[in-house]
Structure formats: C-alpha cells, structure tokens
Amino acid sequence: MVAARRDPRRDGGLRRGASPGAPRPPRLLLCGARARRRHRARPLRAVRRPLRRAGRERVVNEPDLTAVGSASLLGELLGDRLPPAASIPAAAVDLAGAARDLLDAVVGTEVDDGTRARLAAQLREVAAELRTQRRDPVIVLVRRPDGRIDNLTQAGCGPLNPRAPELRFAPFPPPPAADAPFHPVEVEGTVVLDASFGGGPGRAHGGVVAGLFDEALGRANTAAGLNGMTVALEVRFRAGAPLGVPLRVTARCDRVDGRKRFSSGELWSGDTLVAEAHAVYVTERAPGS
C-alpha cells in the first residue's frame, strides 16, 4: 500500500494555477529504489563546541555521537575511551540475571491475588530505587581483549539486559587484519528459552526466533571483521522452537558487496532444523564521510 499526504511546501499546499476550492492532489511517499534515490540519508549532525585559546573563542566541529545508529560505529568513534570488558562488575550481571529469572517466574506463577499485589508493590519499590541513579545514554559498550566491541545492554543477548535471551557464543577466531581479503567465518551459539519467550504451547514466539537470527548473523559479520546494521531479514520456519531445551544457532557471513553484507544461518533443536534465515546488513558511514 502506498501512503499519501499533501505537500505543504508547494504554494501553501495548492498547485500552481489551482483555485482555493480545488482538491489537492496527494503527494506520494515512494518506496524502494526510487525512494532511496529521492530521500538520501541525511548527514550526521555536528556538535559545535566553543573552545577558548589565547584569550579568544574558537569553534570546532565534533561528531555528534547521538546521531550514530550503529553501536559498532559508535564504539569505533569512541576508540580508547571504551572501558575493557573486565571493568563491568559481576554484581551488574548478577542483577540482570535475577531480573531475567523474575520474568520467567512472573509468567508462570499461580500465587493468590493478595501475594501478587504485595509482590507488585515490592517490585515497584525496587524499580524506584534502581532509577535513583541512571546513566545516560543507557547503552553500555566495552572492548574485548581481542579488540572487538561488545554491547552489553542490547536486546539480542546483552548480559546486562534481563529481557535478552542468554544466547552464548563459542569463542571467535582472532579478528582479521584490516587489509585482509574477505573470508567467511561461521559462528555457533546456544540458548535455552524460558516461558517468558513463549508463543504457542511449549514453543518460542516467532519474533524471538527472528531476534536470535538477527543477533547471530550480526555476530558472524563481526567475526569476519565486518559490521553493519540490519536492513533485511528473512526467516523460514521448519518446526516449532521448543522451550526449556538447548537450541543451537549457526551463522555465517557469506559474501560482501560494497557496504552490504549477506549472511545466513540455521536454528537447531538436536538434529531437527527449526528455522533458517538470510539477512542483509549495511555498514554505516562514519560522520563526515
């Protein structure tokens, strides 16, 4: 379906030569290649910061990091300012894990209404205490010993995000050199989905399966020394993804075409193929490029 709206920028919303009572033609919002040609990505904003030197003010342009859409690119721009992964306290990971257990318990509980009300009041007090000290922005990026950047709060498998599934990957091979030719790398991860990720009886929600693929295929790009934002993801379901049992996801970056990365993967329950996916990722341009 093509949406339409008036274009208020053209003669006050009227066509040239049209009377005020004449109907206004809709302005079409295009999709696909024509839209991409017409609506180019806007350049990232720049922050103008005044600096004082030798008694006079000098204005310099610095990239506005809030305008960056990719956590990987943000990490590259921050450079040495990123903390090491070892700097994250174990208590922070433990807190997120306890909250994740809570979500599973809430979904399946059958306690009486009085107990529900009492616990709800206690949880609101806990939430209020946690909000007394908040970081801005919420995102937490760290640098792994091998140099790779990890987002600990993302919803794909961030260990500081209680809504994220505990998708854990086998160690990646060392990152390739910047000038090395492209070489496909396969990654593998395992996850057990609890009741909070449920869809049909005993099965995971289809959107959760898609999220597992998006995370795993993105990790495959990272393992190949590539980064990018998701622009297309196709999932074909072959069977239900059971809850409460180990699931295995395999993913690989198959090929590269300019800024585009093409990836594929599978989700398994034992020897049963649960789903397969194909995705396209695009590397974000750095500010000023």
In the stretch 132-169, which residues are among the basic types (K, R), under 16 Å from A85 (Cα atoms) and either in a loop (DSSP other than H, G, I, E, B) or at pLDDT 95 or above (or both)?
-> R144, R148, R168
G69 is checked against (1) in a loop (DSSP other than H, G, I, E, B); (2) farther than 23 Å from A195 by Cβ; (3) at pLDDT 65 or above and fails just one. What number does that condition carry?
-> (3)
Exactly one of (1) assigned to a helix (DSSP H, G or I); (2) at pLDDT below 75; (3) of a type in the set (A, V, I, L, M, F, W, C) is unmet by V59. Its number?
-> (1)
Residue count for the stretch 170-216, restricted to those that are over 18 Å from V274 (Cβ atoms) and not in a helix (DSSP H, G or I) = 16
Tell me, please, whether a residue that is surrounded by fewer than 20 Cβ atoms within 10 Å (Cβ to Cβ) and either among the aromatic types (F, W, Y) or farther than 21 Å from L102 by Cα (or both) can be found in the stretch 152-167.
-> no
Can you find even one residue in the stretch 216-229 that is buried (at least 19 other Cβ atoms within 10 Å of the Cβ) and farther than 24 Å from D146 by Cα?
-> no
Scanning the stretch 119-151 for residues that are within 30 Å of T109 (Cα to Cα) and surrounded by 15 or more Cβ atoms within 10 Å (Cβ to Cβ) gives L119
With the checklist (1) in contact (Cβ under 8 Å) with a residue 12 or more places away in the chain; (2) outside any strand (DSSP E or B) in hand, flag the one item V235 doesn't pass.
-> (2)
Within the stretch 204-224, is even one residue touching a Lys or Arg at 6+ places or on another chain (Cβ under 7 Å), under 30 Å from A105 (Cβ atoms) and at pLDDT 95 or above?
-> no
Look through the stretch 77-131, keep the residues that are assigned to a loop (DSSP other than H, G, I, E, B) and of a type in the set (A, V, I, L, M, F, W, C), and return whichever of them is modelled with the lowest pLDDT.
-> L82
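The values are calculated or read from the model by the stated rules, or taken from the named source; none is laboratory data. Everything quoted here is computed from the prediction, not taken from an experiment. Quick reminder, even Gly has a Cβ in these numbers, built from the backbone with ideal geometry, and neighbours come from all protein chains shown.
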